[in-house]
Amino acid sequence: MLAGWVQGSVAATAAMAPDEVTPPITHRNLPLTQLTRSPIELTGLVATQRIDFGVREDRLITGAVLDLHYTPSPALLDDVSQLKVYLNDEVVGVVSIKPDHGKPQHARLSLDPRLIRDYNRLRLA
């Protein structure tokens, strides 16, 4: 159970389709707040949240990072609390959560770019 809020961003590096001689490389920072209508909150009743996002088919993702900022509930158990992150139903990371009296925390996860498709589902549980 993670009661509190989670915010973050997915940063991706993309290259144009391979038919160009020297594809331009772009870096894009996509805040999760742009992908959701309300704050992401995990509670005992709603223990998972899903964020859907798309990638243009003419882009090749060569790298991606999920940068999470969250505030855990002080009621969490110190040794067993964790946040699991899934991308398209594949586990991409598990973050140990330390209650730390409700202080904001940060985690950074590298995402395997091979898992990113034109339609994607990021799930926090």
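Just so it is clear, none of the values below were taken in a lab; they were calculated from the coordinates. Computed from a prediction, not measured in an experiment: that's the story for all the values here. Reconstructed Cβ throughout: ideal geometry from the backbone, glycine too, with neighbour counts over all protein chains shown.
Between Ile25 and Arg37, what is the label-to-label distance in nm when each label sits 7 Å out along the Cα-to-Cβ direction?
3.9
Of Thr48, Asn120, Ala64, which is farthest along the charge dipole of region 19-125 in the positive direction, counting Lys and Arg as +1 and Asp and Glu as -1 at C-beta?
The listed residue farthest towards the positive side: Thr48.
Can you pull the one-decimal nm distance between simple spin-label points at Phe53 and Thr71, each 7 Å off the Cα toward Cβ?
2.3
Within 10 Å of each candidate Cβ there may be at most 13 other Cβ atoms; applying that plus a DSSP loop requirement, which trypsin sites (Lys or Arg not before Pro) in region 91-125 survive?
Arg117
Suppose R0 equals 22 Å. What FRET efficiency, 1/(1 + (r/R0)^6) with r the Cβ-Cβ distance, do Leu45 and Asn88 give to the nearest 0.05?
E between Leu45 and Asn88, to the nearest 0.05, is 0.30.
May I ask for the net charge around Thr36, where only other residues with Cβ less than 10 Å from the Cβ of Thr36 are counted and Lys, Arg are +1 while Asp, Glu are -1?
Cβ neighbours under 10 Å give a net charge of +1.
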